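I have placed the structure first, in the form of structure tokens, so that the comments after it can refer back to it.
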Amino acid sequence: NAGVTQTPKFQVLKTGQSMTLQCAQDMNHNSMYWYRQDPGMGLRLIYYSASEGTTDKGEVPNGYNVSRLNKREFSLRLESAAPSQTSVYFCASSEGDPGREKLFFGSGTQLSVL
Amino acid sequence: AQSVTQLDSQVPVFEEAPVELRCNYSSSVSVYLFWYVQYPNQGLQLLLKYLSGSTLVKGINGFEAEFNKSQTSFHLRKPSVHISDTAEYFCAVSYTGGFKTIFGAGTRLFVKA
């Protein structure tokens with residue numbers, strides 16, 4: 001049971017570089033999410049996808065883009081990385097009523113932007 | 001707008017002692033409440049959730065939480081903690097049909113021998 005798989009686990013970028021964080025889930029969930037975790041701030045929602053083919057902004061979308069490639073995969077792209085984007089990024093998925101059902105999380109990507 | 005406040009950023013406690021991690025929320029609509037746990041270098045896992053019904057909710061690993069509507073609180077408790085309970089705990093609030101689960105800032109529980 002893989003659950004939610006994120007790659008890479010660690011990444012160091014220079015300011016202005018771009019990169020894509022990959023996420024895949026094997027639970028046939030409709031909804032997928034990208035969160036960032038910063039010390040003292042908990043998790044904040046960047047973008048979510050309610051179903052294949054749809055994406056919507058969360059609380060902190062600036063500087064990010066997403067693609068829901070198919071039902072399994074949901075990627076997060078940083079077009080021009082900034083030091084403020086240094087964070088731990090988590091992908092998650094859920095099924096059913098998104099408010100009632102629990103989120104399944106990946107193990108995270110630790111990103112440092114120098 | 002919904003918000004979640006975890007009243008303690010860190011809670012040190014001795015092994016086999018009881019612990020309470022406090023959570024307050026604000027919302028203008030009916031909410032669902034969750035506690036998640038994050039062990040070092042891992043993603044979050046659900047401990048328990050309150051949707052409706054009995055205000056005392058039991059979760060995994062001996063944890064329980066009580067929903068108090070009048071005080072808008074959802075405190076997490078365990079009568080006797082183990083070293084293995086050392087982790088960060090997040091309170092979260094959501095609502096039916098809502099995709100934007102709101103998380104608190106987290107409480108780091110440190111269990112000492």
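The values are calculated or read from the model by the stated rules, or taken from the named source; none is laboratory data. This structure is a prediction, so every number in the text was calculated from the model and none was measured. Accessible surface areas use protein heavy atoms only, side chains included; no ligands, DNA or RNA. Shrake-Rupley method; radii C 1.70, N 1.55, O 1.52, S 1.80 Å.
Annotations
- Relative contact order of region A:22-92, pairs being alpha-carbon contacts under 8 Å that are 6 or more residues apart, as %: 35 percent
- C-alpha center-to-center spacing [region B:77-103, region A:49-114] in angstrom: 20 Å
- The accessible area of B:Lys112, taken with all protein chains in place and a 1.4 Å probe, comes to roughly 70 Å².
- Binning the alpha carbon pair distances of chain B at 5 angstrom intervals from zero yields the distribution 2, 12, 24, 26, 19, 10, 5, 1, 0, expressed in whole percent.
- Remark: the B:Leu56-B:Lys112 segment gains 17.4 nm on full extension, using 0.36 nm per residue and subtracting the alpha carbon distance.
- Hydrodynamic radius of region A:1-60 per Kirkwood, over alpha carbon pairs, in Å: 13.4 Å
- Summarised as an ellipsoid, chain A has semi-axes of 23, 14, 13 Å, derived from the eigenvalues of the Cα gyration tensor scaled by 5 and square-rooted, with the largest first.
- Cα-based convex hull, the protein assembly as shown, per residue volume (Å³, whole number): 122 Å³
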